[in-house]
Every structure is written in C-alpha cells, then in structure tokens.
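Enquirer: My questions all concern the structure below.
The values are calculated or read from the model by the stated rules, or taken from the named source; none is laboratory data. All values reported here derive from a predicted model rather than from experimental measurement. Here the Cβ positions follow ideal geometry from the backbone for every residue, glycine too, while neighbour counts run over all protein chains shown.
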Amino acid sequence: MSNEPNANVPELTLNNGVTIPQLGFGVFQVPPEDTRKIVEDALEAGYRHIDTAAAYGNEAGVGAAIAASGIPREELFITTKLRNGEQGNAAAAFENSRKALGLDFVDLYLIHWPVPSQNQFVEAWTAMEKLYAKGEIRAIGVSNFLAGDLDKLLAAGNTTPAVNQIELHPTFQQAEVAAKSRSHGITVEAYSPLGQGSDLAADTVGRLADKHGATPAQIVLAWHLGSGNIVIPKSADSKRMRENLAAVSVALSAEELAAVGSLESGQRIGADPATAAFTQM
C-alpha cells in the first residue's frame, strides 16, 4: 500500500490548534464484515481522515485497516463517536472504542447526538474533557447539536467543542446552526454531504459539472470545501472514492458557490436532533 498521503487535500486548523484534513472518508452504514477492505481501499486512494462511530459497529474493521496499512499514525486523523446510551458512562465507552480501533489515542471524539430528553450530554462532556486533558483525545466535539444544545454545553463546560458534525448538504444547510457554531470557533463538519445522492440531480449541479468537466459529486464536494466545511463522503467503490477525493482540485467561484447554495429546500433526511432519542445500543 502506498504510504503517500494525498498532498492536495487541504487542512483546517481547529480551535485548539489541531489540524484536520478537510476531506475525509465516512463509514456510516458500512457493514462490519466489509469495513476493513473498504477502508484499506480508501487509504490506498489517498484518504488520511477516517470517520466512524461506536454505533456503526465497525470500529474494529477501521482499526484492522489502519494496522494493515503501514501508514504512520501521525499521518492519520481518526474520528469516532459516543453512543447515545453511553452518555452516562463516557470514559468506559471511549476506552472500548479506543481498544476496538487498536489506537493509543483518538484524534477527534464526538458526542453523537444531544438526546435532550435524557439530559446527559453535559455529564458526557465533562468526562470527555478529562480524557482530552490526559491526551487520550486530541480534540473533542459534538454531532447533531442544535443552537440551544450548544448554548447549554458552552455554559456548563470548560472546553469549546472543536467540531459540530451535522447533516449538511445543498438542499439542507442548517444555516442557523452552522453560523452559531462558527461564531464560537466551532468548525462545521458535514455528514450526508451529497444529500445521500439526492442533491446530485439538481440542474445547477449538473450544469456546473459540465462546465468544470467534473462529476456532480465533485461539484457538491467542492461547494462544501469552498464553504469551509469539513466533509466526509462515503463510497464502497474505489473508483468513486478517487473521484470524490479529486474534488479538491475543483475550484468554484463565489458566484458558483452561491448558485449551489441557492438549492436550500429545508428538507432534512436524517432524524431531528430536537427529538431523536434512540440509544444506539
């Protein structure tokens, strides 16, 4: 396997000085038995940022791919997330994730959902702050946090989240949450960045793909990159992995960014963080 990272992938600096590749690879809904091979393919393609979660059930596969790759640990950026049902036991949950990944430390650890109905995310954050202080996690953050959730966490915690990972794509941009996050120096990370494929059919996206000699996915990913989002597309196809990674070479003008941004429809694909209460156990 090649140990050369894709030098063209831009990096963003988080609010604690840690750098993160702006374009990474997500493994949501990748079956555990397929994860090692798919992540090995992603690393071979040039990805150095891998995003998983305890709830996905595939951390061990990610870890096996990392171990087999021979890539120096310092060249990799690995994210995982705390299950909703383990917010009251975050330290032990983190240790289980760390062991499953086979890593000495994790680069970014996120509270997966706020689950306001169980009122435990501040407790989880306090435990994560301690792990961060001990150097077991290089950066801590949140996922699916709405503006009110951020307010509560910022008031109660001692550490500002480094990242808020949210559903974000051209037809669902969460402008209020994104602006709130950025106003506190919290970097926005987009999951379902292509609208699970639905945003690729937009006429504007197709027109720009033709203009730039790019795929529709590359146009949408270039829009994310040009908008300052971290983005973590997923694909099981090695050719598409490489096509997605090549989005870093597509530069959209301010006018083109605005054209893609005008596709906002307010249509969420995933669960609503205000009411989502599944345990993920």
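Enquirer: Would you check if there is a residue in segment 242-263 being out of contact with any helix residue (DSSP H, G or I) (no Cβ under 7 Å at 6 or more places or on another chain), β-branched (V, I, T) and within 27 Å of G46 (Cα to Cα)?
Expert: The answer is no, given that none of the residues of segment 242-263 is out of contact with any helix residue (DSSP H, G or I) (no Cβ under 7 Å at 6 or more places or on another chain), β-branched (V, I, T) and within 27 Å of G46 (Cα to Cα).
Enquirer: Moving on. For segment 1-10, name all the residues that are surrounded by 14 or more Cβ atoms within 10 Å (Cβ to Cβ) and modelled with pLDDT of 95 or more. I'd like the intermediate steps shown before the answer.
Expert: Going residue by residue through segment 1-10, those that are surrounded by 14 or more Cβ atoms within 10 Å (Cβ to Cβ) are 5-6, 9.
The answer is V9, and nothing else.
Enquirer: Give segment 18-77 a look and list any residue that's under 16 Å from the mean Cα position of the chain (by Cα) and of a type in the set (S, T, Y), or say none.
Expert: T19, Y47, T52, Y56
Enquirer: Tell me which of these F145 doesn't satisfy, since it passes every other one: (1) under 27 Å from Q87 (Cα atoms); (2) part of a helix (DSSP H, G or I); (3) touching a Leu at 6+ places or on another chain (Cβ under 9 Å).
Expert: Just one mismatch for F145, condition (2).
Enquirer: For segment 236-249, enumerate the residues that are touching a residue at least 40 places away in the same chain (Cβ under 8 Å) and surrounded by 15 or more Cβ atoms within 10 Å (Cβ to Cβ). It would help to see each step written out before you state the result.
Expert: From segment 236-249, those touching a residue at least 40 places away in the same chain (Cβ under 8 Å) are 236, 238, 241-242, 244-245, 247-249; that's our starting set.
Matches in segment 236-249: A236, S238, M241, R242, N244, L245, A247, V248.
Enquirer: Taking the options A214, A274, name whichever one is within 28 Å of F145 (Cβ to Cβ), part of a loop (DSSP other than H, G, I, E, B), out of contact with any His (no Cβ under 8 Å at 6 or more places or on another chain) and among the hydrophobic types (A, V, I, L, M, F, W, C). Break it down stepwise before answering.
Expert: On the way: A214 fails: within 28 Å of F145 (Cβ to Cβ).
Being within 28 Å of F145 (Cβ to Cβ), part of a loop (DSSP other than H, G, I, E, B), out of contact with any His (no Cβ under 8 Å at 6 or more places or on another chain) and among the hydrophobic types (A, V, I, L, M, F, W, C) holds for just one of A214, A274, which is A274.
Enquirer: Look at segment 16-44 and say how many of its residues are touching a Ser or Thr at 6+ places or on another chain (Cβ under 6 Å) and either of a type in the set (D, E) or surrounded by 16 or more Cβ atoms within 10 Å (Cβ to Cβ) (or both). Explain how you work it out, then say what you get.
Expert: First pass over segment 16-44, keeping only residues touching a Ser or Thr at 6+ places or on another chain (Cβ under 6 Å): 19, 27, 41, 43.
Still in the list and also either of a type in the set (D, E) or surrounded by 16 or more Cβ atoms within 10 Å (Cβ to Cβ) (or both): 27, 41, 43.
So the answer is 3.
Enquirer: Give just the number: which of (1) outside any helix (DSSP H, G or I); (2) more than 19 Å from N158 (Cα to Cα); (3) among the hydroxyl-bearing types (S, T, Y); (4) within 20 Å of the chain's Cα centre (by Cα) does S97 not satisfy?
Expert: (1)
Enquirer: Something else: Filter segment 45-81 down to residues that are surrounded by 16 or more Cβ atoms within 10 Å (Cβ to Cβ) and among the acidic types (D, E) and give me whichever is farthest from K234 (Cα to Cα).
Expert: Here the answer is E59.
Enquirer: Does segment 250-266 contain any residue that is buried (at least 18 other Cβ atoms within 10 Å of the Cβ), under 30 Å from D34 (Cβ atoms), of a type outside the set (K, R) and without any contact (Cβ under 8 Å) to a residue 40 or more places away in the chain?
Expert: Yes, segment 250-266 contains a residue that is buried (at least 18 other Cβ atoms within 10 Å of the Cβ), under 30 Å from D34 (Cβ atoms), of a type outside the set (K, R) and without any contact (Cβ under 8 Å) to a residue 40 or more places away in the chain.
Enquirer: Now, a different point. Given the criterion surrounded by fewer than 16 Cβ atoms within 10 Å (Cβ to Cβ) and touching a strand residue (DSSP E or B) at 6+ places or on another chain (Cβ under 9 Å), identify the matching residue among R182, R138.
Expert: On the way: R138 fails: surrounded by fewer than 16 Cβ atoms within 10 Å (Cβ to Cβ).
After ruling out the rest, the residue left standing is R182.
Enquirer: Further question on the same structure: Can you find even one residue in segment 152-170 that is surrounded by fewer than 19 Cβ atoms within 10 Å (Cβ to Cβ) and either of a type in the set (D, E, K, R) or under 17 Å from A276 (Cα atoms) (or both)? Give the derivation first.
Expert: Going through segment 152-170, the residues surrounded by fewer than 19 Cβ atoms within 10 Å (Cβ to Cβ) turn out to be 152, 154-160.
Imposing the further condition that a residue be either of a type in the set (D, E, K, R) or under 17 Å from A276 (Cα atoms) (or both) reduces the set to 152.
Looking for residues that are surrounded by fewer than 19 Cβ atoms within 10 Å (Cβ to Cβ) and either of a type in the set (D, E, K, R) or under 17 Å from A276 (Cα atoms) (or both), one finds at least one in segment 152-170, hence yes.
Enquirer: So, of the residues in segment 208-267 that are among the hydroxyl-bearing types (S, T, Y) and under 23 Å from L14 (Cα atoms), which turns out to be farthest from the chain's Cα centre (by Cα)? Don't jump to the end; show me each part of the working.
Expert: Taking segment 208-267 as the starting set, the residues that turn out to be among the hydroxyl-bearing types (S, T, Y) are 215, 227, 235, 238, 249, 253, 262, 265.
If we keep only those that are under 23 Å from L14 (Cα atoms) as well, we get 227, 249.
On the way: S227: 15, S249: 20 Å.
Filtering segment 208-267 for residues that are among the hydroxyl-bearing types (S, T, Y) and under 23 Å from L14 (Cα atoms), the one farthest from the chain's Cα centre (by Cα) comes out as S249.
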